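Reviewing the structure listed below.
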Amino acid sequence: MQYSPVNCSHASGWRLLVPKVATCWALLLLICSTSLPADEVQLKNGHMLRGRVVSDDGKQVLLQVPEGSMWIRRSQIESILRLSPEKTLIEECHRRLERGSPGSALPFLRREFHASPHRDEVLLIYRKSLVAEVELLLDREKMDPALSLWNEYCSLPGSTPESLPLRSRILAGEQLLASLEGQIHLSLEVNRPHDALVGIGQLLDRFPSERWKWADIRVDVMVEAARRLHDSGDLSAAAPLLLEAVILRPQLITRVRSAMAHCAFQGFGLSLEDALELSPDEPALHLAAAQNARLRGSVLLQSKHLSRVREMVGDEIFPGRIEHQLRQRASQELAGMPSPEPSVQQLLERTNQKLWKQWRLPHSPPARTPFRVHEDVETMRETLGLDCGPALLITQMQYGRVLSETLHLAPGTPFLDQDALPREMMRRYLPLILGQPRGLPPWLEEGICSISRGSLALARDRMLLSRAKRYKSLPDLSRLTSMQASIDDEVYRAACGSLVAWIIEDVPLIRLPDLFELLATSELEHCLSKVTRADTLLELQQAWIRRLDSGS
């Protein structure tokens, strides 16, 4: 019976970080790669994997392949054939080259070459695999990775790029990159931000690895293009640019807040609910919310929003004047003239109202939140002696009893009301959700606090996780859930929030205390079947990645 080999670089469902003991074995085997045997693992789905079996505990098999290592559940394996010592991973690399998938062997060949750069058998197959993969990429019109691998090939001893037929195709790709860059610079010189933005998009579509070079320029051009679109009245085109810009660079919130509110007022960009969270004292948004409530027949809600409008503009309401003032304020902010920031007390009151609404907390928000204001983040760090952000809740406890709580703030920090402030205030109210003061595992506490932030902060989380997945740097959930302390890292917090949001998405609020108690007092893997459809952390990781792929 003949089995078709699998390109393991696409078997993402099996790839996880390896525990410490297995990693040591894998490193040892890499050192001796050409003298140890390769093995064949026949799967029940008909595929066969070739590599080296590192460990087999009866439940899972750790297989080393050219791409790295992977865990395979025993229930998925039909049989394992141990081959003779002369069958090596180098031979598997030759087999992949012959069968048209040379790229899957490159990670292994890189490691082998750097470990022993003078081994001719490694260098020979390494060069051949690079050239073959470059040719395949060029045939698929993937110029960017082809250029990267071509440069890698040219750096190897014994390479002969001048004699290869595909060199002319590489030169054409380099000329295309230079041409696209020239068009962008020309658009910037003649002050055409929209054309420059289109050009940057075309360049990044063809050459994604150039993203780091254009990241800051792209955001600057995006804001300028959005400003012109907004001032010309094209709010439908301005709205997505404003949203993407502030997600990529949160500090821009002071320049785009009113413009985003204006777009939402006209039905573009943010929902009215999210826009009101961002600009709760904007009369135009309350006016639009009152109109929506009237259309839905909610007289009470309509009256509530109209009362807020009257509080801000007086008894007589002139919708045209209200929108004109918002448009004017948005134009000024986009031009670099920021509006006055709300007071600290206003920020605290707004955040309390948001948290009470989101979590349906008991009683009413506290009339006073103990806080201490610092001039800026640097001063706050020096004063506290901590490497912290613009908001930090410090709690003093004795024998499990809270003695004092102080919220430290650097109120002039952009994006504070969307990110750090609601996150840190939520820590104070965790006992109200749990029903009692108790410690939570760091991933669970951080996750609850992360999903309590504003809609723009959550949108940035999704962007960060998508980027981490693209660069294969997503956190490993087994490590994430076993950490003994939180870390000040955006991707870590985004992952915690994403995991908690998934676990609780179908759980009624009234059941959350019991669920959090279960997660806090049991090992996650033991209670997974009760809260997800995954029975192991491996399955949880796979399901989480699929969820990220779907955009959830």
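Observations on the model:
- The residues listed here are ARG428, ARG453; of these, the one that is among the basic types (Lys, Arg) and outside any loop (DSSP other than H, G, I, E, B) is ARG428.
- Taken over the stretch 120-145, the residue count meeting the criterion of being more than 15 Å from HIS94 (Cα to Cα) and touching a residue at least 40 places away in the same chain (Cβ under 8 Å) is 3.
- Taken together, GLY314, GLY320 contain a single residue that is surrounded by fewer than 15 Cβ atoms within 10 Å (Cβ to Cβ) and modelled with pLDDT of 95 or more, which is GLY320.
- Long-range neighbours under 6 Å by Cβ, at least six apart or interchain, first residue closer than 15 Å to ALA284 by Cβ within the stretch 295-308, second at pLDDT 95 or above and not basic (Lys, Arg): HIS305/HIS286; HIS305/ALA289; HIS305/ALA290; LEU306/ALA290; ARG308/HIS286
- The number of residues in the stretch 323-346 that are modelled with pLDDT of 95 or more and crowded, with 16+ Cβ neighbours inside 10 Å comes to 9.
- Taken as a whole, the condition of being small (Gly, Ala, Ser), part of a helix (DSSP H, G or I) and on the phi < 0 side of the Ramachandran plot applies to ALA459.
This table checks each residue for (1) modelled with pLDDT under 95; (2) of a type in the set (A, V, I, L, M, F, W, C); (3) surrounded by 19 or more Cβ atoms within 10 Å (Cβ to Cβ).
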site: THR379; (1), (2), (3): no, no, no
site: GLU382; (1), (2), (3): no, no, no
site: LEU386; (1), (2), (3): yes, yes, no
site: VAL402; (1), (2), (3): yes, yes, no
site: GLU405; (1), (2), (3): yes, no, no
site: LEU416; (1), (2), (3): no, yes, yes
site: MET425; (1), (2), (3): no, yes, yes
site: LEU432; (1), (2), (3): yes, yes, no
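- With respect to the conditions (1) modelled with pLDDT under 95; (2) in contact with a Gly (Cβ under 9 Å, 6 or more places away or on another chain), TRP212 falls short on a single one, namely (2).
- Helices (runs of 4 or more DSSP H) lying entirely in the stretch 279-337 (those with 3 or more residues that are among the β-branched types (Val, Ile, Thr)): 299-313
- Entry remark, the stretch 504-525: residues being in contact (Cβ under 8 Å) with a residue 40 or more places away in the chain and either in contact with a Cys (Cβ under 7 Å, 6 or more places away or on another chain) or hydrophobic (A, V, I, L, M, F, W, C) (or both) number 6 in total.
- Residue check for ALA259: surrounded by 15 or more Cβ atoms within 10 Å (Cβ to Cβ), at pLDDT 95 or above and either touching a strand residue (DSSP E or B) at 6+ places or on another chain (Cβ under 9 Å) or not assigned by TED's automatic domain parsing to the domain that holds SER452 (or both): yes
- Criterion violated by LEU528 - all others in (1) in contact (Cβ under 8 Å) with a residue 24 or more places away in the chain; (2) within 28 Å of ARG360 (Cβ to Cβ) satisfied: (1)
- Contact map, the stretch 393-417: first residue within 19 Å of LEU432 (Cβ to Cβ), second residue among the aromatic types (Phe, Trp, Tyr) and part of a strand (DSSP E or B), Cβ cut-off under 9 Å, separation 6 or more or different chains; pairs are THR406/PHE371; LEU407/PHE371.
- Against the test of being assigned to a helix (DSSP H, G or I) and in contact with a strand residue (DSSP E or B) (Cβ under 7 Å, 6 or more places away or on another chain), the options GLU133, GLU92, GLU112 yield a single qualifying residue, GLU92.
The values are calculated or read from the model by the stated rules, or taken from the named source; none is laboratory data. Please read all numbers here as calculations on a predicted model, not as lab measurements. Positions of Cβ are generated from backbone atoms using ideal geometry, with glycine treated the same way; all protein chains shown enter the neighbour counts.
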